[in-house]
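Reading through the structure tokens given below for one structure.
The values are calculated or read from the model by the stated rules, or taken from the named source; none is laboratory data. Remember, it's a predicted structure, so these values are computed and weren't measured experimentally. Heads up, the Cβs are rebuilt from the backbone with ideal geometry, glycines too, and the neighbour counts pull from every protein chain shown.
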Amino acid sequence: MAGMKVIPEITTDEIIFAPSTVLLLSGVDTWDDQRHIPIVEKATELLECGATFDERGAMLAI
């Protein structure tokens, strides 16, 4: 892997749904790992609110 490390500035509970909300998800092969449950659940909530994603599945936006 490229070794890029991303450190979030907020928790998943602090993500608010707004027209400007964008959630970038990296293409990792560990999404089934339990440590990712909160962000997977948040991504599901965004999709249920009408979010869309690009052809690579990397970006969700309302």
*Out of 45, 9, report the one residue that is exposed (fewer than 11 other Cβ atoms within 10 Å of the Cβ) and modelled with pLDDT of 85 or more.*
9
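Here's the yes/no breakdown for (1) modelled with pLDDT of 85 or more; (2) touching a Gly at 6+ places or on another chain (Cβ under 7 Å); (3) of a type in the set (Phe, Trp, Tyr):
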{"position": "17", "(1), (2), (3)": "no, no, yes"}
{"position": "25", "(1), (2), (3)": "no, no, no"}
{"position": "29", "(1), (2), (3)": "no, no, no"}
{"position": "32", "(1), (2), (3)": "yes, no, no"}
{"position": "38", "(1), (2), (3)": "yes, no, no"}
{"position": "50", "(1), (2), (3)": "no, no, no"}
{"position": "54", "(1), (2), (3)": "no, no, no"}
{"position": "59", "(1), (2), (3)": "no, no, no"}
{"position": "62", "(1), (2), (3)": "no, yes, no"}
_Every pair of residues 6+ apart whose Cβ atoms lie under 8 Å, when the first sits in the range 17-40 and is surrounded by 10 or more Cβ atoms within 10 Å (Cβ to Cβ) and among the polar types (S, T, N, Q) while the second is at pLDDT 80 or above and in a helix (DSSP H, G or I)_ = 21/46
